Amino acid sequence: MKMEKERTLVLIKPDAVKRNIIGEVIKRIEDTDLKIVAMKMTKASEELAAQHYPDSMIKALGEKGIENGYEAADPVEQGKKIIQWLREYITSGPVVAMVLQGENAVKKMRQISGYTDPCKAEPGTIRGDLSNDSIVVANKEGRTVHNIVHASESIEEAEREIALWFKPEEIYDR
Ligand code: IDP
Ligand code: MG
């Protein structure tokens, strides 16, 4: 049986679209051996935002903020705030949504994206090079951290997210 080719979902987030750095992000993706097999500019509905960032993420989001130096008493309460900011943010303007395909697509895209908190992301990564934002500052200002891209964290997450953003006929096997 032929193995399905691995795929991952990437979103160039509204902050990066506003800053005119879509091309810079795409260049870095095309410099890998991954292939862009679907791509569109689109604005997420509130419904799509809630499916993309589901309630099941709340606790982990709160914990990540605390791990990165933001003092909050309760990760769940903190996570509830963050998910609200995230959904508002992802619907605030157009994003560029892409499906990438290739060997280890999920892991490779996560590697070139870098860590969630841009001020801690490694130099040479998209987040490390293209954003100076930080989780501590974002939480103080009551907003999501501006970190340029979303990239699926696992094969299962990728399959779920791709189905949210793309119809099968919008994806081109290359
Ligand atoms: P990831 O994008 O690196 O996979 P996740 O933990 O899945 O990170 O979080 C989703 C998004 O939520 C992040 O990309 C970031 O924009 C935002 N985010 C995560 N933690 C915080 C926080 O503590 N404050 C503000 N925004 C956060
Ligand atoms: Mg994530």
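Computed from the coordinates by the stated procedures, all read-outs in this text should not be read as laboratory data. None of these values were measured; they are calculated from a predicted model. Virtual Cβ from ideal backbone geometry, glycine too; neighbours counted across all protein chains shown.
Mind listing just one residue for me: the one in region 62-92 that is hydrophobic (A, V, I, L, M, F, W, C) and over 18 Å from ILE148 (Cβ atoms) and, of those, farthest from the chain's Cα centre (by Cα)? Spell out the reasoning first.
At the first step, the residues of region 62-92 found to be hydrophobic (A, V, I, L, M, F, W, C) are 66, 72-73, 76, 82-83, 85-86, 90.
Add one more test, that the residue is over 18 Å from ILE148 (Cβ atoms), and what stays is 66, 72-73, 76, 83.
Values: ILE66: 20, ALA72: 24, ALA73: 26, VAL76: 21, ILE83: 13 Å.
So the residue we want is ALA73.
Pick from region 134-157 the residues that are under 15 Å from the mean Cα position of the chain (by Cα) and in a loop (DSSP other than H, G, I, E, B): which of them is farthest from ligand 2 (Cβ to nearest atom)?
HIS146
Tally time: how many residues in region 53-92 are farther than 23 Å from VAL10 by Cα and among the hydrophobic types (A, V, I, L, M, F, W, C)?
4
For region 103-120, how many residues are buried (at least 19 other Cβ atoms within 10 Å of the Cβ) and part of a loop (DSSP other than H, G, I, E, B)?
3
If I filter region 122-133 for residues that are on the phi < 0 side of the Ramachandran plot, outside any helix (DSSP H, G or I) and either among the small types (Gly, Ala, Ser) or in contact with a Phe, Trp or Tyr (Cβ under 6 Å, 6 or more places away or on another chain) (or both), do I get at least one hit?
If we filter region 122-133 for residues that are on the phi < 0 side of the Ramachandran plot, which is where we start, we get 122-123, 125-133.
If we keep only those that are outside any helix (DSSP H, G or I) as well, we get 122-123, 125, 131-133.
Keeping just the survivors that are either among the small types (Gly, Ala, Ser) or in contact with a Phe, Trp or Tyr (Cβ under 6 Å, 6 or more places away or on another chain) (or both) gives 131.
Taking every residue of region 122-133 in turn, at least one turns out to be on the phi < 0 side of the Ramachandran plot, outside any helix (DSSP H, G or I) and either among the small types (Gly, Ala, Ser) or in contact with a Phe, Trp or Tyr (Cβ under 6 Å, 6 or more places away or on another chain) (or both).
From the set of residues in region 158-174 that are over 16 Å from the mean Cα position of the chain (by Cα) and of a type in the set (Asp, Glu), which is nearest to THR42 (Cα to Cα)?
Across region 158-174, the extreme among qualifying residues is GLU170.
Have a look at ALA16, ALA60 and point out the one that is surrounded by fewer than 19 Cβ atoms within 10 Å (Cβ to Cβ) and of a type in the set (A, V, I, L, M, F, W, C).
Step by step, each of ALA16, ALA60 is checked, and only ALA60 is surrounded by fewer than 19 Cβ atoms within 10 Å (Cβ to Cβ) and of a type in the set (A, V, I, L, M, F, W, C).
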